[in-house]
1. Of Glu274, Glu238, which residue is farther than 30 Å from Asp213 by Cβ and in contact with a strand residue (DSSP E or B) (Cβ under 9 Å, 6 or more places away or on another chain)?
2. Those residues that are closer than 18 Å to Cys179 by Cβ and in contact with an Asp or Glu (Cβ under 8 Å, 6 or more places away or on another chain), I need them from the range 79-94; list them, please.
3. So Leu245 passes all but one of these: (1) surrounded by 15 or more Cβ atoms within 10 Å (Cβ to Cβ); (2) more than 21 Å from the chain's Cα centre (by Cα); (3) aliphatic (A, V, I, L, M). Which condition number does it fail?
4. Would you point out which residue out of Glu42, Glu104, Glu47 is closer than 18 Å to Cys179 by Cα and part of a helix (DSSP H, G or I)?
5. Is there any pair with a first residue in the range 101-114 that is farther than 16 Å from Leu169 by Cα and a second that is surrounded by fewer than 17 Cβ atoms within 10 Å (Cβ to Cβ) and aliphatic (A, V, I, L, M) whose Cβ atoms are under 8 Å apart and which are 6 or more apart or on different chains, and what are they?
6. Looking at the range 18-39 only, could you name the residues that are surrounded by fewer than 17 Cβ atoms within 10 Å (Cβ to Cβ) and part of a loop (DSSP other than H, G, I, E, B)?
7. With the requirement that a residue be of a type in the set (Gly, Ala, Ser), in a loop (DSSP other than H, G, I, E, B) and either in contact (Cβ under 8 Å) with a residue 12 or more places away in the chain or open to solvent by less than 70 Å² (accessible area, probe 1.4 Å) (or both), what does the range 205-226 give you?
8. Counting only residues that are under 18 Å from Gln24 (Cβ atoms) and of a type in the set (Ser, Thr, Tyr), which one in the range 277-323 is most open to solvent (accessible area, probe 1.4 Å)?
Amino acid sequence: MEPLRIGVLGASRIAVAAIVAPAQLTGARLVAVAARDRGRAETFAAEHGVERVLGSYADVLADPEVEAIYNPLANGLHGPWNLAAIAAGKHVLTEKPSASDAAEAREVRDAAARTGVVFMEAFHYLYHPVAQRLLEVVGSGEIGELRHVEVHMEIPPPPDGDLRWSLPLAGGGLMDVGCYAIHLLRVLGRFAGGAPRVTGAEGRERAASPGVDEWVRAELAFPGGATGVLHSSMAADEVRMTARLVGDTGEVRAANFVLPHRDDRVWVTAGGTEREERPGLRPSYAYQLEAFAAAVRDGAPVPTDADDAVATAELIDDCYRAAGFDLRPRSAPVV
């Protein structure tokens with residue numbers, strides 16, 4: 001397979017783990033990078049083997065050698081730059097969420113559908129054997145009928161001034177970490193009669209960031225009668241990224257379903273016994289980039305495509321409304 005030729009929008013911290021390392025593992029080329037601060041882009045390129053530095057994000061989109069872009073910008077810039085990349089005919093791997101709200105996510109979906117580019121929202125966890133094992137256990141019937149799901153997505157507070165605390169840039173705990181819990185709950189709907197709906201939520205606003213959720217707890221119900229609870233927090237004492245799926249005859253749990261390269265333990269309790277499984281520590285980002293390349297090169301299906309992104313954004317919006325928050329504001333479009 002010809003190496004994928006990727007342009008990177010921004011020199012963010014997440015880009016090192018999410019695109020630099022997997023490109024090195026999979027053989028993809030990082031053709032170009034641009035950042036608001038050219039010096040920062042030059043440092044990033046020198047440290048991580050990016051072939052060239054360009055003057056702006058628009059220059060990356062205009063580069064004929066770039067066939068796909070990775071968008072790790074602040075949440076509020078996902079939608080505008082995803083739309084700009086699609087308009088430029090580039091395939092898109094975007095950090096989650098794909099847009100500031102569901103309405104903007106629909107615009108991105110419709111644009112991708114018109115142009116036929118590959119669009120992937122970076123819910124990388126889903127491509128890892130840990131997540132696949134959770135789904136396999138539930139789907140096999142080993143723990144019986146799915147009855148309850150509890151997901152914790154909690155991290156210690158980012159520093160004051162971090163963009164994740166910025167309401168104009170669509171910040172908040174649900175947008176940063178809680179969306180993983182929302183996505184997993186949605187995926188599990190295939191075993192519970194359909195997509196879940198929010199039945200109640202509560203949250204706390206960050207004192208120094210009006211309108212930005214520090215934590216949210218939401219309750220959900222599936223059409224088949226199962227229930228779900230998600231805990232989203234950027235104010236926790238430690239990192240907690242756990243999932244517990246309870247059936248009527250057993251349960252399956254993951255120690256860290258989002259960052260399984262840190263802890264890949266899965267426990268299955270069924271038939272009166274519990275066993276531990278270790279699906280593997282290879283980074284989920286590497287599996288994700290391989291899936292993205294397969295979609296671009298061979299037309300392989302994309303589970304986290306633009307339609308999936310819309311459904312996730314709708315549930316994020318529902319959680320915000322139920323917890324008493326306004327939806328995230330949209331940033332100005334790219335012109």
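1. The unique qualifying residue is Glu274.
2. The answer is Gly79, Thr94.
3. Result: Leu245 passes all but (2).
4. Glu104
5. That search, which allows pairs on different chains as well, returns Ala111/Ala87.
6. If the condition is that a residue be surrounded by fewer than 17 Cβ atoms within 10 Å (Cβ to Cβ) and part of a loop (DSSP other than H, G, I, E, B), then Gly27, Arg36, Asp37 are the ones that fit.
7. Across the range 205-226, the qualifying residues are Ala208, Gly224, Gly225, Ala226.
8. Per the stated criteria, the residue is Tyr287.
The values are calculated or read from the model by the stated rules, or taken from the named source; none is laboratory data. Just so we're clear, the structure is a prediction, and the values are computed from it rather than from any experiment. All Cβ positions, even for glycine, are placed from backbone atoms using ideal geometry, and neighbour counts span all protein chains on display. Accessible surface is based on the protein model in full, side chains and every heavy atom, while ligands, DNA and RNA are left aside. Shrake-Rupley method; radii C 1.70, N 1.55, O 1.52, S 1.80 Å.
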